[in-house]
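In what follows, a structure is listed as structure tokens, so that the remarks can point back to it.
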Amino acid sequence: MYRALRRALFLVAPERIHTWVFALLRGVTAWSPPRRALTRSLAPRDPVLASTVFGVRFPGPLGLAAGFDKDGSGLKTWGAPGFGCAEVGTVTAQAQPGNPPPRMFRLPDDRALLNRMGFNNHGADALALRLARHVPDVPIGVNIGKTKATPAEHAVTDYAESARLVGPLAAFLVVNVSSPNTPGLRDLQAVSSLRPILAAVRAETSKPVLVKIAPDLSDADVDEIADLAVELGLAGIVATNTTVSRDGLATPGVRELGSGGISGPPVAQRSAEVLQRLYRRVGDRLVLISVGGIETADDAWDRITSGASLLQGYTGFVYGGGLWAKDIHDGIARRLHEGGFASLADAVGSAVRRD
Ligand SMILES: Cc1cc2nc3c(=O)[nH]c(=O)nc-3n(C[C@H](O)[C@H](O)[C@H](O)COP(=O)(O)O)c2cc1C
């Protein structure tokens, strides 16, 4: 049924329909009777799906990835469509408009998206106000990025300022150094640049801190960041952001759309490889959140058994619709029961440990 609805929704420009659908979701869930009804039918309820990760209780492993709710305008929304958590942001220390539109495109033949949003957001202080006013029904992580106008040499203070503002109110913080849409941002993944940023954010907050990395890093860079994260006592790594690669795309005319990061199935293979590499290197010393091209319960299960304690998705939700999170959670629960796992945590990394 969603396929027919999706055909209609896809007649509207991507950013516009995103705004409308998000407003509708917010509107419906602002009122507690429909929010509770949706939550009752869509939220993960099987206790086998629940887990405590870096001290935070998650009702189910699949969360909404960063970028969908950039300003935390839907803090009370995300439990209702069945997500176990939401990562809001990216927010930056100063509000900024992002790149000029059009800046979001569909690649329908790849079930993918291309975006060059450029961290359009109202600023970390505005998000802090929202977080202070709302009690969400699922854990809310906050993704922080560098303000575009801040030069790279002042990146540390920019990230630290965001962490100071939102840290006390977030369930966890994600340091985003992997968006392809802020010039020079991904260069901050070099360990020499990343170390002071992560150390400053850690010093600013007692909340779990994770770093979000790009799928386009070399294996050696992935290893270096993993080692740094362990050394600095980070809670974990979010892998991965969108890719700048245009390899293997089926949708015609992608090159003409210009720059940006690709999400959805085209990033899935590298995202899964990065996860496996990270798990083999750090095992249980870091929490791994896998994101990138997760579409089905099979994909989700592969990521869990490859070492992911939590999962996230954005593009799968756009193409999959309102039952997407529930279907994935139901599929994971079925596999946990069939496999005789007493809890989600027991399944994490089980395929790698068997090797
Ligand atoms: C339109 C759009 C905007 C995004 N904005 C952000 C962002 O602000 N910060 C971030 O860390 N990731 C952002 N992402 C990346 C997603 O969080 C995710 O890492 C990526 O899309 C891969 O997951 P997916 O294949 O499930 O979409 C964005 C993705 C899309 C499609």
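Quick notes
- Taking the charge dipole of the chain about its Cα centre, with +1 at Lys and Arg Cβ atoms and -1 at Asp and Glu Cβ atoms, the residue from 99, 68, 132 reaching farthest to the positive side is 132.
- Here the relative contact order of region 155-241, from alpha carbon pairs under 8 Å that lie six or more residues apart, stands at 34 percent.
- In region 191-261, the GluC sites (Glu not before Pro) that fall in loop regions by DSSP, at most 13 other Cβ within 10 Å: none
- Judged by the mean number of other Cβ atoms found within 10 Å, the most tightly packed of the peptides 326-334, 10-18 leads the ranking 326-334, 10-18.
- Inter-site label distance for residue 37 and residue 257 at 7 Å from Cα along Cβ, in nm: 3.6
- Once backbone amide H atoms are built at 1.01 Å from N, residue 71 has 89 as its partners under 5 Å, excluding neighbours fewer than 5 places away on the same chain.
- Karplus (6.51, -1.76, 1.60) ³J(HN,Hα), θ = phi - 60°, over region 250-264, in Hz, Gly and Pro reported as x: 8, 5, x, x, 5, 4, 5, 6, x, 6, x, x, 9, 10, x
- Of the solvent-accessible surface of the chain, computed with a 1.4 Å probe over protein heavy atoms with every protein chain present, carbon and sulfur atoms account for 54 percent.
- Rounded to whole Hz, the Karplus (6.51, -1.76, 1.60) HN-Hα couplings of region 313-327, x for glycine and proline: x, 10, 5, x, 5, 5, 7, x, x, x, 9, 4, 5, 5, 4
- The label-point distance for residue 1 and residue 345, in a model that sets each label 7 Å from Cα toward Cβ, rounds to 3.8 nm.
- Surface exposure of the chain, expressed per residue as accessible area with a 1.4 Å probe, stands at 41 Å².
- Cα-based reach from residue 207 at 16 Å (exclusive), listing aspartates and glutamates while leaving out same-chain residues under 8 positions away: 87, 161
- Each residue of region 116-131 was assigned a 3J(HN,Hα) from its phi angle through the Karplus expression (A = 6.51, B = -1.76, C = 1.60, θ = phi - 60°), giving 9, 4, x, 6, 5, 6, 8, x, 5, 5, 5, 5, 4, 4, 4, 4 Hz with x at Gly and Pro.
- Region 246-318 and region 122-174 have their alpha-carbon centroids 24 Å apart.
- Taking amide hydrogens as placed 1.01 Å from N in the peptide plane, the amide H of residue 240 sits under 5 Å from those of 291, 292, each at least 5 positions away in sequence or on another chain.
- Charge context of residue 42, other residues only, Cβ under 15 angstrom, K/R +1, D/E -1: +2
- Relative contact order (%) - region 37-115, alpha-carbon pairs under 8 angstrom, separation at least six: 26
- Using just its DSSP H runs of length 4 or more, each adding -39500 (n - 2.57), the chain gives a mean residue ellipticity at 222 nm of -12000 deg cm²/dmol after division by all residues.
- Choice from 214, 152, 268 with maximal GNM fluctuation in the chain (Cα, 10 Å cutoff): 152
- Once the Cβ-Cβ distance of residue 24 and residue 246 is raised to the sixth power relative to R0 = 41 Å, the FRET efficiency obtained is 0.80.
- Amide H within-cut-off set for residue 343, under 5 Å, with H built and near neighbours excluded: none
- Whole-number percent relative contact order across the chain, with pairs defined as alpha carbons under 8 Å at least 6 apart: 17
The values are calculated or read from the model by the stated rules, or taken from the named source; none is laboratory data. Just so it is clear, the structure is predicted and the values come from calculations on it, not from any experiment. Note: ideal-geometry Cβ built from the backbone for every residue, glycine included; neighbour counts use all protein chains shown. In case anyone asks, the SASA skips ligands and DNA or RNA and just uses the protein heavy atoms, side chains included. Shrake-Rupley method; radii C 1.70, N 1.55, O 1.52, S 1.80 Å.
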